[in-house]
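Worksheet for the structure shown next.
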Amino acid sequence: MIIYVDIDNTICRSFKNKKGEWDYLFSKPRYQQIKKINQLYKQGNEIIYWTARGNATGINWDKLTQEQLSEWGCQYTRIAKIKKPVYDLFIDDKAKRIEEL
């Protein structure tokens, strides 16, 4: 299977600064969720991390994101280079919350 996985508030907790902007420098890994995704990877699935980091602000978070995924022990095929939309609700017939895995 090809599985797209969100990063913020899925495999890590992310926080906003005093201005109300996301500050990914202080994201904290959720190791139980990472373990679930890593297991899917070990089963032979293609894991593609997909994030909206920087889409609204124009800030390039690519290097930090790659460093965090490495530091947190995330196993994956690649990080999607296509832009993820900024949204509040995603409705899809194939979607699952990390807690359902």
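The values are calculated or read from the model by the stated rules, or taken from the named source; none is laboratory data. All figures in this text were calculated on a predicted structure; none of them were measured in a lab. All Cβ positions, even for glycine, are placed from backbone atoms using ideal geometry, and neighbour counts span all protein chains on display. Side chains are part of the model used for accessible areas, which takes the heavy atoms of the whole protein and leaves out ligands, DNA and RNA. Shrake-Rupley method; radii C 1.70, N 1.55, O 1.52, S 1.80 Å.
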*Which ones in segment 41-63 are open to solvent by 80 Å² or more (accessible area, probe 1.4 Å) and among the small types (G, A, S)?*
A56
*Would you check if there is a residue in segment 24-35 being at pLDDT below 95, open to solvent by 50 Å² or more (accessible area, probe 1.4 Å), more than 13 Å from the chain's Cα centre (by Cα) and among the basic types (K, R)?*
no
*Can you tell me which residues in segment 1-29 are of a type in the set (D, E, K, R) and without any contact (Cβ under 8 Å) to a residue 24 or more places away in the chain?*
R13, K16, K18, K19, D23, K28
